[in-house]
Amino acid sequence: MAVSTVTELMTFRYNRGLVSKMLNFIMNKLQHRRVLLGVTGGIAAYKAVEILRQCQRLGAQVRIVMTPAATEFITPLTFQALSGSSVHTQLLDAEEEAGMGHINLARWADVILVAPASADFIARLACGMANDLLTTLLLATEKPVMLAPAMNRAMFDDLHTQQNIQKLKSQGVVILGPGEGVQACDEVGLGRMLEPEELVQAVTEHFQTGELAGLNVLLNAGPTREAIDPVRYISNHSSGKMGFALAQACAEAGAQVTLVAGPAQLQTPSGVERIDVVSASEMSEAVMEKAKEADIFIASAAVVDYTPVEVAEKKIKKNASEMQLKLIKTNDILTNVATQDDTTFCVGFAAETDNLEQNARAKLERKSLDMIAANWVGQSRGGFNSDYNALSVYWKDGGQEIDSMPKPELARKLIALIAKRYHEKNTT
Ligand code: PMT
């Protein structure tokens, strides 16, 4: 094998490793994010398929809106088959307007990416025209808009296009690229659409809020297990989903995140340092060790409140018809963190089956907390081991309700609220 071929092979393998590391790093960063992908008429329209797939791989929900010209380059059926939902092409379609019309689509999206964005589309958008579904919903949206121009280099250089782009930029539209290189028309210059990975990266970065940049956040999550003997333990129904979603939201907000996790079968969010523990005493030790450096502590773990005084060395025989276990209270980790150093902003959770506000506010005061997030638990209520949850968040002189939604979304809302209150406390 020629040396160059070996080198190429090694480079390919190395790059594949690097690409997969990069993908892992941003994995799940778009979870539950709603991306509206607009496709306009240009030869790069076929690359929008790869954008759709990458966004989906990262956990995003994607809806496609195509201009009539885009359908000349690639069929709506291709996007429909891959996205699993219908592709929107028509502005004046009675059925569509009855289902998800342009206003609903504009509201639905968290971010709108138009890729490729042709010169004609950019011109129409800059003029405020609403002569197809995509331009109309862009007029109607208040969400962030990103455009990936793709056109011949002379068209891109043209004064009209440049003025249109400047106008859109001044309105807050984010222009991604274009890149430089050989074009479909065989000319060389600026005008190539950025590659799908670069565009997906830009969308991902958009969600990195930076609200907690430079801060150390410590969280605990999941249940603890208190051993009775070598085969039995006391625990609860916590899955860790709430706490892991919070850890991910903190990382997205730019924090340095440490997650002390009880037994949970969940993937570690990217960029998060995870410390696995089993029992309440192990969790207490790990949290107290890390708490010294924490600016914020979020206690979402369902720490078991009582643990057996003694752990039997051998499996307890089941000869007797009754047995008694002597239990002792576990350390209250949250109270210990909140009282050891009042510079750490402490957020507790309250899992309640009755008197939610009253019980949660009592815990807020008793445990010397800055905030508490209360949730209902028990039969047929979100909370434990569900993908959804709702929270009632309280602090000394206020509170806020966060309605039921998927835990990753809920976590982002709670983190935004925590960040706001943390900064208020530390700037006054
Ligand atoms: O993990 P999931 O399946 O996603 O479910 C999420 C959840 C329901 C577990 C979560 O939203 C939640 O409510 N966590 C707190 C559960 C709990 O133990 O609540 P509590 O009201 O018993 O405790 C109040 C606070 O004290 C909590 O912040 C708890 O972490 C803390 N505590 C309790 C006991 C103890 N020994 N040490 C503590 O730090």
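The selection criterion, being more than 16 Å from the ligand (Cβ to nearest atom), farther than 29 Å from L139 by Cα and either of a type in the set (D, E) or surrounded by 15 or more Cβ atoms within 10 Å (Cβ to Cβ) (or both), does not hold for G243.
Taking segment 268-280 as the search range and keeping residues that are of a type outside the set (D, E) and within 23 Å of A213 (Cα to Cα), which one is modelled with the lowest pLDDT? So that I can check it myself, show each step before the final result.
Initially, segment 268-280 is screened for residues of a type outside the set (D, E), giving 268-272, 274-275, 277-280.
Of the ones still in play, those that are also within 23 Å of A213 (Cα to Cα) are 268-272, 274-275.
Values: T268: 94, P269: 89, S270: 83, G271: 89, V272: 95, R274: 98, I275: 98.
Checking each candidate, the answer is S270.
When E293, E282 are screened for being among the charged types (D, E, K, R) and either in a strand (DSSP E or B) or away from the ligand (no atom under 13 Å from the Cβ) (or both), only E293 passes.
Is segment 67-75 home to any residue that is farther than 22 Å from L194 by Cα and either at pLDDT 95 or above or not assigned by TED's automatic domain parsing to the domain that holds N131 (or both)?
At the first step, the residues of segment 67-75 found to be farther than 22 Å from L194 by Cα are 68.
Next, only the ones that are either at pLDDT 95 or above or not assigned by TED's automatic domain parsing to the domain that holds N131 (or both) stay: 68.
Yes, segment 67-75 has at least one match.
Mind checking whether some residue in segment 303-317 is touching a residue at least 24 places away in the same chain (Cβ under 8 Å), part of a helix (DSSP H, G or I), surrounded by 12 or more Cβ atoms within 10 Å (Cβ to Cβ) and within 8 Å of the ligand (Cβ to nearest atom)? Scanning segment 303-317 turns up no residue that is touching a residue at least 24 places away in the same chain (Cβ under 8 Å), part of a helix (DSSP H, G or I), surrounded by 12 or more Cβ atoms within 10 Å (Cβ to Cβ) and within 8 Å of the ligand (Cβ to nearest atom). Of everything listed in (1) surrounded by fewer than 24 Cβ atoms within 10 Å (Cβ to Cβ); (2) modelled with pLDDT of 95 or more, the single unmet condition for T89 is (2). When segment 380-397 is limited to residues that are at positive phi and within 10 Å of the ligand (Cβ to nearest atom), the one that is surrounded by the most Cβ atoms within 10 Å (Cβ to Cβ) turns out to be G383.
Quick grid of which residues meet (1) modelled with pLDDT of 95 or more; (2) within 11 Å of the ligand (Cβ to nearest atom); (3) among the hydrophobic types (A, V, I, L, M, F, W, C):
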| site | (1), (2), (3) |
| --- | --- |
| I333 | yes, yes, yes |
| T344 | yes, no, no |
| V347 | yes, yes, yes |
| A351 | yes, yes, yes |
| Q358 | yes, no, no |
| G378 | no, yes, no |
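Which one of these is surrounded by 12 or more Cβ atoms within 10 Å (Cβ to Cβ) and farther than 17 Å from P223 by Cα: T353, T343, T330?
Working: T343 fails: surrounded by 12 or more Cβ atoms within 10 Å (Cβ to Cβ); T330 fails: farther than 17 Å from P223 by Cα.
So the residue among T353, T343, T330 that is surrounded by 12 or more Cβ atoms within 10 Å (Cβ to Cβ) and farther than 17 Å from P223 by Cα is T353.
Among the residues in segment 251-259, are any within 16 Å of the ligand (Cβ to nearest atom), in contact (Cβ under 8 Å) with a residue 12 or more places away in the chain and either part of a helix (DSSP H, G or I) or not aromatic (F, W, Y) (or both)? Yes, segment 251-259 has at least one match.
Looking across segment 142-170, the residues that are outside any helix (DSSP H, G or I) and either hydroxyl-bearing (S, T, Y) or within 35 Å of the chain's Cα centre (by Cα) (or both) come down to E142, K143, P144, V145, M146, L147, A148, P149, A150, M151.
Please go through segment 171-191 and pick out each residue that is surrounded by fewer than 20 Cβ atoms within 10 Å (Cβ to Cβ) and outside any loop (DSSP other than H, G, I, E, B).
Residues satisfying the conditions are V174, I175, G179, E180, G181, V182, V188, G189, L190.
Is it true that K290 is closer than 26 Å to G382 by Cα, buried (at least 17 other Cβ atoms within 10 Å of the Cβ) and assigned by TED's automatic domain parsing to the domain that holds D387? It is false that K290 is closer than 26 Å to G382 by Cα, buried (at least 17 other Cβ atoms within 10 Å of the Cβ) and assigned by TED's automatic domain parsing to the domain that holds D387.
Which of the residues belonging to segment 164-197 are among the small types (G, A, S), modelled with pLDDT of 95 or more and under 27 Å from Q56 (Cβ atoms)? Correct list: G177, G179. Inspection of segment 204-224 identifies at least one residue that is assigned to a loop (DSSP other than H, G, I, E, B) and within 16 Å of the ligand (Cβ to nearest atom).
Of the listed requirements (1) within 9 Å of the ligand (Cβ to nearest atom); (2) at pLDDT 95 or above; (3) over 25 Å from V287 (Cβ atoms), E401 misses just one: (1).
The values are calculated or read from the model by the stated rules, or taken from the named source; none is laboratory data. These figures come from a predicted structure and were not determined experimentally. With ideal geometry, Cβ positions are generated from the backbone for all residues, glycine too; neighbour counts draw on all protein chains shown.
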